[in-house]
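*Asks:* Supplied in structure tokens, the structure appears directly below.
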Amino acid sequence: MGTSKIPLARANYRRAIRPKGPGPGREPAINRDELSIAVAWRPRTSWRAVALLERCARRTANAEGFDRGSLSIAVVGAAAMTTLHRLHLGREEPTDVLTFDLGTDCRHGILDGEIVLCADMARRRAAARDKTLATARAELALYLVHGLLHLAGYDDRDAATFRRMHRREDEILATLGLGGVFQDGA
């Protein structure tokens with residue numbers, strides 16, 4: 001899964017996926033006394049997944065000790081994800097998730113990050129299994145947990161850390177009633 005710990009100016013990120021000018025989609029002010037989670041759904045069709053993603057983000061953040069800060073989640077299509085992947089990691093292809101750490105402080109329970117999820121990648125992965133929208137939603141939830149675990153300091157660059165991270169993903173997803181999505185899809 002494509003992730004990046006590159007600090008990214010919110011304005012640059014916003015230009016890549018959000019319309020310019022005033023109105024919906026404007027960045028909320030960060031309240032450091034509570035955990036703010038915002039989800040922006042950009043694909044043309046709704047999967048009715050926003051509530052699941054909010055619940056998933058809050059459960060994962062709490063499980064990893066985050067109780068304050070701000071998390072912005074954007075669900076985009078393959079074209080927008082390809083653009084972001086090229087801009088930030090130099091790869092000319094979509095990826096499932098990109099994570100941007102904007103100042104997360106694990107020691108003090110402060111989350112400050114942005115996670116971009118690719119709906120088209122989730123749908124493709126779901127199509128390889130049972131083609132249901134429920135499976136695609138669970139796949140998006142997996143991508144979100146994966147990004148949050150990167151913000152919490154998890155890594156998946158070698159076999160041992162890969163197993164640890166993906167085991168933790170499945171533990172969290174099971175508490176949400178989604179089962180072991182990574183394990184089931186691997």
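Computed from the coordinates by the stated procedures, all read-outs in this text should not be read as laboratory data. Here the structure is a predicted model, which is why all the values come from computation and not from measurement. Note that each Cβ is placed from the backbone with ideal geometry, even for glycine, and that neighbours are counted across all protein chains shown.
*Asks:* Would you work out which of 177, 57, 98 lies farthest towards the positive end of the dipole of the range 52-186, given +1 charges on the beta-carbon of Lys and Arg and -1 on that of Asp and Glu, about the Cα centre?
*Replies:* Looking along the dipole axis, the top candidate is 177.
*Asks:* From the Cα gyration tensor of the range 60-186, with a ≥ b ≥ c the square roots of its eigenvalues, which class applies: rounded if a/c is under 1.5, or else prolate if a/b is larger than b/c, or else oblate?
*Replies:* It is oblate, given that a/c is not under 1.5 and a/b is not larger than b/c.
*Asks:* Work out, step by step, the length gained on full extension between residue 63 and residue 176: first 0.36 nm times the residue separation, then minus their alpha carbon distance; give nm to one decimal.
*Replies:* 39.5 nm
*Asks:* What nm distance separates the two modelled labels at residue 33 and residue 86, each placed 7 Å from Cα along Cα→Cβ?
*Replies:* Calculated label separation equals 4.5 nm.
*Asks:* May I pose another question? Please list, in order along the range 101-112, the HN-Hα scalar couplings obtained from phi with the Karplus expression 6.51 cos²θ - 1.76 cosθ + 1.60 (θ = phi - 60°), rounded to whole Hz, x for Gly and Pro.
*Replies:* These are the phi-based 3J(HN,Hα) values: 8, 10, x, 4, 10, 4, 4, 9, x, 9, 9, 9 Hz.
*Asks:* What does a probe at residue 46 reach in the range 63-83, counting residues whose amide N is under 19 Å from the point 7 Å along Cα→Cβ?
*Replies:* 73-77
*Asks:* Taking other Cβ within 10 Å of each residue's Cβ, how do 181, 145 sort, fewest first?
*Replies:* In increasing order of surrounding Cβ atoms, one gets 181, 145.
*Asks:* Take the Cβ-Cβ distance between residue 134 and residue 158 as r, set R0 to 30 Å, and report the resulting FRET efficiency rounded to the nearest 0.05.
*Replies:* 0.40
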